[in-house]
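**Student:** Below you will find the structure I want to go over with you.
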Amino acid sequence: MTYLAYMLALLCALLHIASAAPPPALRSTGRPLPIDGFVAQGYPDVMDGTNHLSFVEYNVTLSPGEDSIWCWAWSEVSDLSIGDVPTTACQADHTVKWSFMKAADAYNFTVSWQYTGHGHLIGSWMIPDSQVQWITDAGDVAVQHYVGPTSFSVDTDDVFGT
Ligand SMILES: *[C@@H]1O[C@H](CO)[C@@H](O)[C@H](O)[C@H]1NC(C)=O
Ligand SMILES: *[C@@H]1O[C@H](CO)[C@@H](O)[C@H](O)[C@H]1NC(C)=O
């Protein structure tokens, strides 16, 4: 094989690899997603056996001027803390997925909205540990509550592609 033919074969092989791999996702600054009515708390009522339920809910406005949608999740915890919510779809609109997870010195609330087949907005709002407190209720029981702002805006990245 001549050197040229060898280079051509190599080029074809490389092009084939390049075309087989999906194009890299494009990431740019997205529109912030406004959150209202954010609540996260444990519940003193025992669910079954010894486990308790904790609750996270909020409303998110997907497009300016449109009605917000309500998203919520229960999780099972062994004490009266606020439990993690692994990635879950919003009941009102399954194109919205979110999670609420304990991270180092903070809680990580992440929300994403698949606004089209290949595009989604995604952003995280870090809740400092100081905004989650044990509060003693009327029944003299210490229950964990989110005490930060109930409205805030999550900055997002606009990710297009896979
Ligand atoms: C959240 O949405 C629910 C259901 O649409 C509505 O009843 C409630 O008033 C909203 N809360 C806030 C704080 O926007
Ligand atoms: C928050 O959680 C999201 C989703 O798991 C993750 O991509 C992101 O890196 C986390 N942010 C921090 C600061 O932990």
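**Student:** If I ask for residues that are surrounded by 15 or more Cβ atoms within 10 Å (Cβ to Cβ), within 8 Å of ligand 2 (Cβ to nearest atom) and farther than 17 Å from Ile69 by Cβ, which ones from the range 93-120 would you list?
**Tutor:** Met101, Ala106, Asn108
**Student:** Among the residues of the range 30-58, how many are more than 17 Å from the chain's Cα centre (by Cα), away from ligand 1 (no atom under 16 Å from the Cβ) and in contact (Cβ under 8 Å) with a residue 12 or more places away in the chain? Break it down stepwise before answering.
**Tutor:** So the first thing to find is which residues in the range 30-58 are more than 17 Å from the chain's Cα centre (by Cα), and the list is 41-54.
Subset that is away from ligand 1 (no atom under 16 Å from the Cβ): 42-54.
Checking the rest, the ones that are also in contact (Cβ under 8 Å) with a residue 12 or more places away in the chain come to 42-44, 47, 50-54.
Number satisfying all stated conditions: 9.
**Student:** Something else: Does any residue of the range 154-162 turn out to be without any contact (Cβ under 8 Å) to a residue 60 or more places away in the chain, away from ligand 2 (no atom under 14 Å from the Cβ) and surrounded by fewer than 17 Cβ atoms within 10 Å (Cβ to Cβ)?
**Tutor:** Keep residues of the range 154-162 that are without any contact (Cβ under 8 Å) to a residue 60 or more places away in the chain, which gives none.
No, the conditions are met nowhere in the range 154-162.
**Student:** Filter the range 70-89 down to the residues that are within 16 Å of ligand 1 (Cβ to nearest atom) and surrounded by fewer than 17 Cβ atoms within 10 Å (Cβ to Cβ), then identify the one that is nearest to Gln41 (Cα to Cα).
**Tutor:** So, considering only residues that are within 16 Å of ligand 1 (Cβ to nearest atom) and surrounded by fewer than 17 Cβ atoms within 10 Å (Cβ to Cβ), the one nearest to Gln41 (Cα to Cα) is Trp72.
**Student:** Return a yes/no flag: does the range 128-140 have any residue that is of a type outside the set (Lys, Arg), in contact with a strand residue (DSSP E or B) (Cβ under 8 Å, 6 or more places away or on another chain) and closer than 17 Å to Leu33 by Cβ. Even if it seems obvious, please write down each step before you answer.
**Tutor:** Start the filter on the range 128-140 by keeping residues that are of a type outside the set (Lys, Arg), which leaves 128-140.
Filter again for in contact with a strand residue (DSSP E or B) (Cβ under 8 Å, 6 or more places away or on another chain), leaving 128-129, 131-137, 139.
Checking the rest, the ones that are also closer than 17 Å to Leu33 by Cβ come to none.
No, the range 128-140 contains no residue that is of a type outside the set (Lys, Arg), in contact with a strand residue (DSSP E or B) (Cβ under 8 Å, 6 or more places away or on another chain) and closer than 17 Å to Leu33 by Cβ.
**Student:** Still on this model: When you look at Gly123, is it more than 16 Å from ligand 2 (Cβ to nearest atom) and closer than 23 Å to Leu33 by Cβ, yes or no? Spell out how you get there, then give the answer.
**Tutor:** Values: more than 16 Å from ligand 2 (Cβ to nearest atom): no; closer than 23 Å to Leu33 by Cβ: yes.
Against the criterion (more than 16 Å from ligand 2 (Cβ to nearest atom) and closer than 23 Å to Leu33 by Cβ), Gly123 does not qualify.
**Student:** Among the numbered conditions (1) closer than 28 Å to Gly161 by Cβ; (2) out of contact with any Gly (no Cβ under 9 Å at 6 or more places or on another chain), tell me where Asp45 comes up short.
**Tutor:** Among (1) closer than 28 Å to Gly161 by Cβ; (2) out of contact with any Gly (no Cβ under 9 Å at 6 or more places or on another chain), Asp45 violates only (1).
**Student:** Let me ask something else about it. Do the conditions hold for Thr61, that is, is it away from ligand 2 (no atom under 16 Å from the Cβ), over 15 Å from the mean Cα position of the chain (by Cα) and modelled with pLDDT of 75 or more? Don't jump to the end; show me each part of the working.
**Tutor:** Values: away from ligand 2 (no atom under 16 Å from the Cβ): yes; over 15 Å from the mean Cα position of the chain (by Cα): no; modelled with pLDDT of 75 or more: yes.
No, not satisfied.
**Student:** Please give the number of the condition Asp93 fails out of (1) within 16 Å of ligand 1 (Cβ to nearest atom); (2) touching a Ser or Thr at 6+ places or on another chain (Cβ under 7 Å).
**Tutor:** (2)
**Student:** Which condition from (1) of a type in the set (Asp, Glu); (2) over 17 Å from the mean Cα position of the chain (by Cα); (3) surrounded by 14 or more Cβ atoms within 10 Å (Cβ to Cβ) is the one that Asp140 breaks?
**Tutor:** Exception for Asp140: condition (3).
The values are calculated or read from the model by the stated rules, or taken from the named source; none is laboratory data. The shown structure was predicted, so the numbers you read here are calculated from the model rather than taken from an experiment. So basically every Cβ, Gly included, is an ideal-geometry build from the backbone, and we count neighbours across all protein chains shown.
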